[in-house]
Structures are given as structure tokens and as C-alpha cells.
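Shown next, in C-alpha cells, is the structure this report addresses.
The values are calculated or read from the model by the stated rules, or taken from the named source; none is laboratory data. Everything numeric here is computed off the predicted structure, so don't read it as measured data. Reconstructed Cβ throughout: ideal geometry from the backbone, glycine too, with neighbour counts over all protein chains shown. The accessibility values were calculated without ligands, DNA or RNA, using every heavy atom of the protein model including side chains. Shrake-Rupley method; radii C 1.70, N 1.55, O 1.52, S 1.80 Å.
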Amino acid sequence: MSEVAGCPIVLDPLVRDLDGETRRLRETGALVRVDLLGVPAWSVTRHADARRLLTDRRLVKDLGRWKLWRGGEVTREWPLIGMVDPGRSMFTVDGAEHRRLRAKTAQAVTPRRLENLRPAIEHATRRLLDDVGERGARGPVDLKPVFARPLPMTVISVLMGVDPALHPRLHVLYRAFFSMVTPQDERLAVIGELDRIFTDMVRARTVRPADDLTSALILAGEGGEPLTEAEVVGNLQAMVGAGHETTVGLILNAVRALLTHPDQLRAVLAGAAGWEAVIEETLRWDTPVSHLLMRFATEDIEVAGGVIREGEGVVISYRAIGRDREHHGPDADEFDLTRDPAARHLTFGHGPHICPGAALSRLEAGIALPALFARFPHLRLAVPAEEIRNEPVLTQNDIRSLPVHVHG
Ligand code: STR
């Protein structure tokens, strides 16, 4: 697809310079016209505007409200279609229907309920760190495939009841799903296969419920309409898709931030700064999600002196928002663990769709990061920081690999 006229920023599907792109977005303005692989949309780059828009009912998830989709200008040939049309779930509906689809999941992932998962997370962390240690004895280890990627998949699978035998295939499928270099016919086949995998799983649980959230979603219905099979499948896919991809980013980005800020790492290891600060500052400074697609305007909406017209699409650019100087101050580009925690970041979103997995990801990172640095106090990068590249993934901030030396 060709470039779109009137879009000052073309988001790079190969993500060759994420910091540069984040800066350009922010400097271009608060409401910026962006070119998403040939498709125009608005990007929101300021904390205050995003916070307001995320509770604005005139902005909805329903793809049917998108003029470019209704008019046939955007089709299933668009590489980002899977992000805006992943099927019916709590991720794609609003209002009363959204509350109905989300209620059971939200109840299951409160900080208190999640404490039940702690032993499983600690066990998985220990087992993976054993593997890191063994490989590390032979040379540099890439923390992504050996540690950061398997842990969230294992944890979300325990919660949802996904068979661990599926993990290798799921990793292959999600990688192809998110990568912008995947040929589109292959991506559509991947989406079909994910759908079959999760539909089969929901059918198996319908016949034989187990002690997992998928079974709870199937059995839910007391005091309301039960979810349909397609809705349970949609929610399961949303949970696995989000739970798998985003926490990988949180863990890797935190490790990279600490290894490239040795003074702050020392403060953490000496107990002068907390792991909670590491997690929250990483979430703000190097957000696991660069851009969240997409919401659609049901009427004209004024934002920051501009107007989003009825039927236009809106992207929340969380990475730019995390670096918003109007909210985080003139040093917003600095990673600083002593930053005032009262100036909360917006990385998990806001309003009805606020990330239901926020507490789970904090729990995972809060176990994984201290365990990693306790086991390997001499951890250091095995390549210059400038050589660490992103995957060609437009929406997620997805480091390709993080090679480290783990022993001395
Ligand atoms: C991945 C593919 C799929 O089967 C279902 C979904 C719905 C939820 C989406 C997920 C997607 C991609 C990653 C998202 C997640 C919700 C939160 C997560 C967008 C499209 C984020 O990265 C914020």
C-alpha cells in the first residue's frame, strides 16, 4: 500500500528507530495524523487527552463504525486487521455488553485472587532460571526465549487452563500474527488456526469443566445472560494474546533498563530503591505497548484544538504518552526510579477497558525480576545496548533478543 496524503508521521512497520519515532510523534503534536501501513488514523500522544478520551462514550471499539471499513477501503488484506477485528470479546465491545463480557474475568484477576497463582509463578521462575544458569555456563544467553517469553505463557496458561503441549505452536503462531513481515495470506491462516485451537479447547471444557478461568467463563451466567461459545473463545483469545505478549515486554524492558542504568541497578540491589519502582518506571518509560489500535468516533470529537471526525479511527500511542513532559515533567525521557510515584502512568489504560491483567503482570514481574537478579547478581549485557533491535511489530514494543552474560 502507498503512503497516505496528509499524514506527517508514517509508523514504521519494521520499527527500526522506536525512540526516534516516539519523539517525532510527541513533537508533531497532541493529536497527530498517522499512516498505518497505508491506512490513516489519529494518534493521541498526551496523557491528559488520552485519559479523557478513554472514558468518552463517543469513542467505541465497534469496527462497524469505521468509515474506511464500511467503505471497503480497509479489508482483510490490511496487515493490522487482526488487531482491530479479533472477534467478539470484552476487547471489542462497549457499554452494558462489555460489562457482561468482562465481569467474570475481572473478578478472577483481582490482586487477592491472584495470590493463588504465586506458587506456580515462583516455581516456573525457578525452573527457567535453572535453565538460564546452565546455558549461561557455556556462553551468553538470550533471556527472551529462555526466560521472558516462556514465563508469561506458562502463567496465563495456568490461569486459563491452556495445555502446555500447545506452547511451542502458540509461540510460533503469535510471532507470525504480530510480525508485520508475515505475508498476509499466512497471517490469515494463523488467525484461523488460533481460532480452531481455542474453539476446540472451549468445547473440551464444556464437556468436562476443570478448575480454570475458561471453565468459569463457560459456567458463568448466574444473574445474567451466559456467554456464548464464541464469546468465551473471544475472551480466552484476548487473555492469552494479551497475557502472552505484553508481560514479555515488561520483563525484557525492565532488565534492559537496569543493565543500562548501573547506578540505579546498584540502588535496587542495595535495597535503596524498590522493585515496584522498577516495574512502574519501566511501564512508563519503555511501555510494552507502543500503540493500541483502535477506537472509532461515533460523532465529531474535539481534541487538543483538532477534530476527530465521525467514523475516523483513533490510536492511543502509549509510548509517547509515557514520555509526555506535560505530565511527567521535563525529564520524562530519563529512566529514574526516584520519580514521584504520584504522577501515575497510563500504560494499562483507563476507563472501562483498563487492562484486567494489570495486577497479574505486576505479580509476574515482581517475582521474575528480583529472582533473576538474586540468582545472577553479575548479570550484564553481552552486546552493546545500541545493537538491541525491535521485532518488526508495529503495535507492541517487542525486543528481538536480549543476550546477557549471567556469571561474573
Ligand atoms: C491478539 C489476537 C487475538 O486472538 C485476540 C486479541 C484481542 C486482545 C488483544 C490481542 C489480540 C493483541 C494484544 C492486545 C490484546 C488486548 C491487550 C493487548 C491488544 C488482538 C495489548 O497489547 C494492550
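Below is a table of values for the structure above.
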quantity	calculated
For region 226-278, Kirkwood radius (reciprocal of mean inverse C-alpha pair distance, Å)	13.5 Å
Kirkwood Rh and Cα Rg combined as Rg/Rh, region 310-379	1.07
For region 83-127: rounded, prolate or oblate by the Cα gyration tensor [a/c cutoff 1.5]	oblate
Listed residues L292, I308, W275: farthest to the positive end of the dipole of the chain (Cβ charges)	W275
Summed residue charge, Cβ within 10 Å of A371's Cβ, Lys/Arg positive, Asp/Glu negative	+1
Region 184-331: C-alpha gyration tensor shape, a/c 1.5 cut-off, then a/b vs b/c	oblate
Convex hull per residue volume in Å³, alpha carbons only, for region 234-317	133 Å³
Shape call, region 45-84: gyration tensor on alpha carbons, a/c limit 1.5	prolate
Global size of region 86-194 as Cα Rg and Dmax, reported in angstrom	17.4, 56
Per principal axis, descending, Cα span of region 156-195 in whole Å	32, 15, 14
Viscosity 0.692 mPa s, temperature 37 °C, Stokes-Einstein D of region 250-408 from Kirkwood C-alpha radius, µm²/s	190 µm²/s
Rg(Cα)/(2.2 N^0.38 Å) for region 349-404, N = residue count	1.49
Most fluctuating residue given options V202, V141, V172, as computed from a GNM of the chain linking Cα atoms under 10 Å	V172
Carbon + sulfur, % of accessible area of region 137-208 - ligands and nucleic acids excluded, 1.4 Å	58 percent
Separation of the L166 and V10 label points, Cα + 7 Å toward Cβ, nm	3.9 nm
Percent of Cα-Cα distances greater than 18 Å, calculated over region 152-264	57 percent
Pairs of Cα atoms farther than 17 Å apart, region 6-86, %	56 percent
Debye intensity ratio in log₁₀ form over the Cα atoms of region 295-340, taken at each q of 0.24 Å⁻¹	-0.85
Gyration tensor over alpha-carbon atoms, the chain, equivalent ellipsoid semi-axes in Å	31, 28, 20
DSSP loop trypsin sites (Lys or Arg not before Pro) with at most 12 other Cβ within 10 Å: longest gap in the chain	139-308
Residue-averaged [θ]222 nm for the chain, counting only DSSP H segments that reach four residues, each worth -39500 (n - 2.57)	-14500 deg cm²/dmol
Largest-first principal axis extents of the Cα set of region 21-137 (Å)	53, 41, 34
